[in-house]
Amino acid sequence: MTDHDLSELLAARKAGEVTGTIRASLEWILQQLIEVEATAFIGAAPFERTETRTAQRNGRRPRLLSTPAGDVELEIPKLRQGSFLPSLLERRRRIDRALYAVVMEAYVHGVSTRKVDDLVKALGVGSGISKSEVSRICSQLDRDLEAFRDRPLDHTEFVYVFLDATYVKGRVGGRVVSRAVVIATSVTATGDREVLGIDVGDSEDGALWTAFLKGLRARGLTGVQLVISDHHLGLKSAIGAMLVGAAWQRCRVHFMRNVLSRVPKASAEMVAAAIRTVFAQPDAAHARSQLDEVARMLAAKFPDVAAMLRDAAEDLLAFTGFPVAHRRKIRSTNPLERINGEIKRRTNVVGIFPNDATVVQLVTAVLVETHDECAVAERRHLSEQSMAKTGKPVPTIEEAPLTITA
């Protein structure tokens, strides 16, 4: 920038044309600082011959730097041998720190890296942002996310625990395979909802579930009276081994899906309506009686369904041993299914994860958001008064049961 250029800047400043003046002035100042530092690094100014020279200039490379005043175009001297990077620039940095929070928030909400790049450009950073830069910025989340995953669970008792899994695609050993993401949420002794933890493994086998539940116990998980989950392979045995004394409720929604897969489509609604009457009974005795009646009615035409009902009777009706006000919310994993749906929505944007660490990072971020929403909710998931009744005998309700006819 020449003296003439400076005079024009000064004139523009006096005329009130501030928009580009500050940016141009900053660009000139930063460029002068770069030139001074380059001269000291090389040991000689441009076209100067000295005995202290250690390298020679070899052209320039452009560098777009984002600043609070806007993007500025800088020129970095290139060397014939070695490299030079001004101290006022950070390696691989393309955006201002003020945008870090925006990038992190967009990534956590499932915005693709291409759209993040468009977003950054729309905010005035013409240089945009690369995929590697998004990953580098979001890696700063790791410390807080790890602290959330490892936080102690000894501050209260967790009466109801919901367990479920979802699947994402990831790379393992150069191959794209399915990765099981296991998640646990809960209802505390005061009726509040909390997210307990997450883990990633090869499949939903007993080893993964056992290690996951063992980790929860090590962090202080206590007071579990009922575990609600699907009939995943190895899960029931893991619950029995790691959560001794807790009852197990088989998710009625998952069970209904399993049943309807054995029934012709034309009869699906009739069979579903019949089974639903079992869950509408006022107490355990009526529910078990109704289940036997439904199984007897279906046995002639759908023997497999009748057998499934009888075999799963104890697990399907475990919820009847708890307060009536809780039963609709503890007989299925629907609350956790909604979380899984949000996880799938955001992980589908990524497509294929490069490793398990990135899966854990994104899913944990979603769970932290859910956990925080539960913490500030105006109403508890279950009332504190009703939670005080857990662990006590449930009285039989003298009420006419809901029956069906063949």
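Residue-wise test of (1) of a type in the set (Gly, Ala, Ser); (2) part of a helix (DSSP H, G or I); (3) without any contact (Cβ under 8 Å) to a residue 24 or more places away in the chain.
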{"position": "Leu233", "(1), (2), (3)": "no, no, no"}
{"position": "Ala238", "(1), (2), (3)": "yes, yes, no"}
{"position": "Trp248", "(1), (2), (3)": "no, no, no"}
{"position": "Arg257", "(1), (2), (3)": "no, yes, yes"}
{"position": "Val263", "(1), (2), (3)": "no, no, no"}
{"position": "Met270", "(1), (2), (3)": "no, yes, yes"}
{"position": "Ala287", "(1), (2), (3)": "yes, yes, no"}
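Considering the stretch 357-389, the residues that are assigned to a loop (DSSP other than H, G, I, E, B) and modelled with pLDDT under 85 include one that is surrounded by the fewest Cβ atoms within 10 Å (Cβ to Cβ), namely Glu378. Would you mind listing the helices (runs of 4 or more DSSP H) fully within the stretch 20-126 where at least 2 residues are closer than 30 Å to Val368 by Cα and modelled with pLDDT under 65? In the stretch 20-126, 100-108, 113-122 are the helices (runs of 4 or more DSSP H) which contain 2 or more residues that are closer than 30 Å to Val368 by Cα and modelled with pLDDT under 65.
A quick yes/no check of all residues on (1) of a type in the set (Gly, Ala, Ser); (2) closer than 17 Å to Thr390 by Cβ:
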| position | (1), (2) |
| --- | --- |
| Asp283 | no, yes |
| Ala287 | yes, no |
| Glu293 | no, no |
| Arg310 | no, no |
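Under the condition of being in a helix (DSSP H, G or I), surrounded by 14 or more Cβ atoms within 10 Å (Cβ to Cβ) and not aromatic (Phe, Trp, Tyr), the residues counted in the stretch 311-327 number 9.
Restricting Leu260, Leu235 to residues that are modelled with pLDDT under 95, in contact with a helix residue (DSSP H, G or I) (Cβ under 6 Å, 6 or more places away or on another chain) and outside the structural domain of Thr320 (by TED's automatic domain parsing) narrows the list to Leu235.
The values are calculated or read from the model by the stated rules, or taken from the named source; none is laboratory data. Keep in mind that what you see is a predicted model, and the values were worked out from it rather than measured. Counting neighbours? That spans all protein chains shown, and the Cβs are built from the backbone with ideal geometry, glycine included.
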